[in-house]
Every structure is written in C-alpha cells, then in structure tokens.
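Structure, as structure tokens:
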Amino acid sequence: MGDRRFLLVAVAALAVAATAAAGVFRYLRVAEARARVPMAPLVVAARDLPEGHRLVAADLRVAEVPRGTRPETGFAHRDSVLGRVTRVAVFSGEALVTGRLAPLGASAGLEVKITPGKRAMAVKIDEVAGVSGLIQPNSRVDVLVTLREEGNSDQQRAKLFMANMRVLAVGTQLERGPDGRPVDATTVALEVSPAEAEQLAVAANQGKIQLVLRGYGDPDTVRTAGASAQAMLRRLAVPVEPAPPPPPRPRAAMRPAPTAAAMVLPATPLAAPPAPAAPPAAPRRDSAVVQVYRRTALTQQKVARPDGTRPDSTPRP
C-alpha cells in the first residue's frame with residue numbers, strides 16, 4: 001500500500017516537472033523569436049578595390065546584415081553590380097552602394113572620378129612645379145601663378161589664386177623640346193568648376209603655373225597680397241642706422257652785460273689808411289751791379305754802360 005502511494009506521488013511529480021519544462025521551453029522559444037533580428041543579404045567588397053576599377057565576381061561577396069542597418073542603395077545580388085566601375089576606393093568588407101559606383105555603362109576612365117558639377121582640366125607643369133613627383137591622385141594643392149605686371153614687362157608678381165584643389169590624375173605626355181628632341185611633360189588633371197577653368201586657362205597662357213602641395217586635413221584658405229621683386233628687395237634691404245648726434249659743446253661763462261656808461265665810446269678821429277708803398281724802381285738796363293766783398297766791407301760795382309762811362313762804386317758797411 002505504501003509503495004503504491006510512493007509511486008503515484010513520483011509519477012505526479014514527474015508530470016508536473018515535464019509540464020513546467022515544456023512551458024519554459026515554449027516561453028524561451030517565443031522570447032528568442034521575438035529577440036531575433038531579421039537579416040538581409042548585402043553585397044560587400046571581398047578585397048580592397050581602387051577607384052576606377054571594373055568589378056568582377058572575385059571582388060564581391062554576399063553578407064547577412066540586420067535588415068534595419070542595410071543601406072537603402074545597397075545590392076542583394078552580385079549580378080546587380082558585376083561590370084560596374086568604382087568611383088572611389090572601396091575597402092574590404094565595405095558595402096557596395098550606388099554612390100560608390102559609376103553610372104551604368106560608364107567606362108573605367110577619369111570621368112568616373114569627377115564630382116557632379118565639376119570639371120577635369122589638365123595643366124602642364126615641370127618636375128619642380130610638381131613638387132618633384134610628390135603630388136599624387138587625390139592630393140590637395142594650391143595653384144600659384146607668376147605673371148608680368150601690367151605696364152612694366154620687367155617686373156613679375158606671384159600670387160596664390162586657387163586653394164584646396166583636388167588632383168584627379170597625374171601623367172606624362174610626349175612633347176617636343178626647343179631643340180626638337182622628344183621630352184616627357186608632366187600633366188596634372190585638377191577638379192575645377194567652370195569659372196575656375198576659365199581663370200586657369202588665362203593663367204596658363206599668360207604666365208607660369210606652380211602647384212603647392214597641402215598637408216592632409218588642411219581645409220583652411222589663406223588670403224595673400226602676392227609678392228613682387230621690388231617688395232622682396234625692400235624686405236631684404238638692411239636698414240641704415242642714423243649717425244650718433246655730436247657731443248654738446250661746453251657753454252662759455254656768462255659775462256655781465258656792459259652798462260650804458262661803458263657802452264659810450266669817446267669820439268676819436270679815425271686814422272687815415274697808410275699810403276701804399278711805391279713799387280721798386282726797375283733796374284736800369286744799361287748797367288749791371290756786381291757785389292764785391294772786401295774783408296768785412298761790401299761794395300757794389302756797376303758795370304760800364306754802353307756809352308763807355310764807369311759809374312762809381314757805392315760802399316756798404
């Protein structure tokens with residue numbers, strides 16, 4: 001009798017445990033279903049893709065992403081993007097959306113890199129103007145032009161007139177030099193607006209263009225007044241220091257002012273100026289004088305005149 005009761009209690013306990021376990025399992029299934037995020041397929045890049053690259057099957061894979069995070073312009077099948085061309089560089093795992101791809105039928109050329117509303121304009125530069133080959137596609141540069149001043153062909157002025165310009169491509173083309181030999185000319189394609197293209201054409205034809213490479217993440221635009229040869233010479237001129245002032249002279253001792261009585265002078269007649277001395281008589285040409293020393297006495301002896309007379313000698317002490 002006791003064994004039967006024990007068996008009934010055990011069976012009832014097992015039934016209650018099974019019912020509770022089934023209820024918990026059903027509850028967990030419902031909670032998991034409610035917590036499960038709906039997924040959706042999305043075509044992503046299977047490897048790093050450069051800009052201007054035509055997509056093939058090896059470049060793509062399909063990933064499952066939450067439906068709420070799937071881009072609206074994304075693609076669910078690889079066939080939808082096969083043969084399209086990338087407008088920008090796409091890294092591995094990134095979604096291939098419409099904004100990263102060129103329009104249908106576009107070729108893998110420079111036109112896929114141009115921002116809508118912009119133009120690509122090629123300018124010819126030399127190696128020095130191109131920062132010795134350091135300018136690469138997607139670099140940011142400032143355009144510097146050197147022109148001759150109006151009215152003075154001997155003076156030149158340099159001015160930055162375009163800032164933060166995007167470089168689309170850098171290449172070389174074969175041209176003839178002054179001696180007729182073929183040379184490689186470096187060309188840079190800049191992304192410009194139509195108005196900027198007109199200004200750049202005038203600058204390229206009238207002067208010399210140089211590109212100034214900007215640092216990464218430097219969007220600031222600097223306003224400059226330009227530079228000329230005269231301004232540089234004035235800036236390099238050494239200023240002349242003024243000469244030191246002369247030392248002050250010592251002041252003379254102050255004398256007392258003369259009185260009125262002392263200022264009255266006696267009226268004295270003015271002395272007559274001395275008469276000018278008579279000029280010495282010119283010696284006679286009909287005689288000559290000879291000085292003769294006799295002991296301590298000096299005598300002058302005149303030579304006889306042409307008429308034969310003999311003048312007397314004149315003794316001198």
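Computed quantities for the displayed model
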{"quantity": "Residue within segment 119-129 that is within 24 Å of the chain's Cα centre (by Cα), modelled with pLDDT under 80, assigned to a loop (DSSP other than H, G, I, E, B) and aliphatic (A, V, I, L, M) present", "calculated": "yes"}
{"quantity": "Lone unmet requirement of (1) without any contact (Cβ under 8 Å) to a residue 60 or more places away in the chain; (2) surrounded by 12 or more Cβ atoms within 10 Å (Cβ to Cβ); (3) not in a loop (DSSP other than H, G, I, E, B) for SER92", "calculated": "(3)"}
{"quantity": "When residues of segment 71-86 are limited to those that are buried (at least 18 other Cβ atoms within 10 Å of the Cβ) and of a type outside the set (D, E, K, R), the one nearest to the chain's Cα centre (by Cα)", "calculated": "THR86"}
{"quantity": "Evaluation of ASP79 against (1) assigned to a helix (DSSP H, G or I); (2) farther than 30 Å from GLY109 by Cβ (one fails), failing number", "calculated": "(2)"}
{"quantity": "Selected residue [in contact (Cβ under 8 Å) with a residue 40 or more places away in the chain and in the same structural domain as GLY105 (by TED's automatic domain parsing)] from ARG47, ARG70, ARG61", "calculated": "ARG47"}
{"quantity": "Some residue of segment 215-229 being in the same structural domain as LEU168 (by TED's automatic domain parsing), surrounded by 14 or more Cβ atoms within 10 Å (Cβ to Cβ), within 20 Å of the chain's Cα centre (by Cα) and modelled with pLDDT of 80 or more", "calculated": "no"}
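The values are calculated or read from the model by the stated rules, or taken from the named source; none is laboratory data. What you see is a predicted model; the values in this text were computed from it and never measured. Positions of Cβ are backbone-derived with ideal geometry, glycine not excepted, and every protein chain shown enters the neighbour counts.
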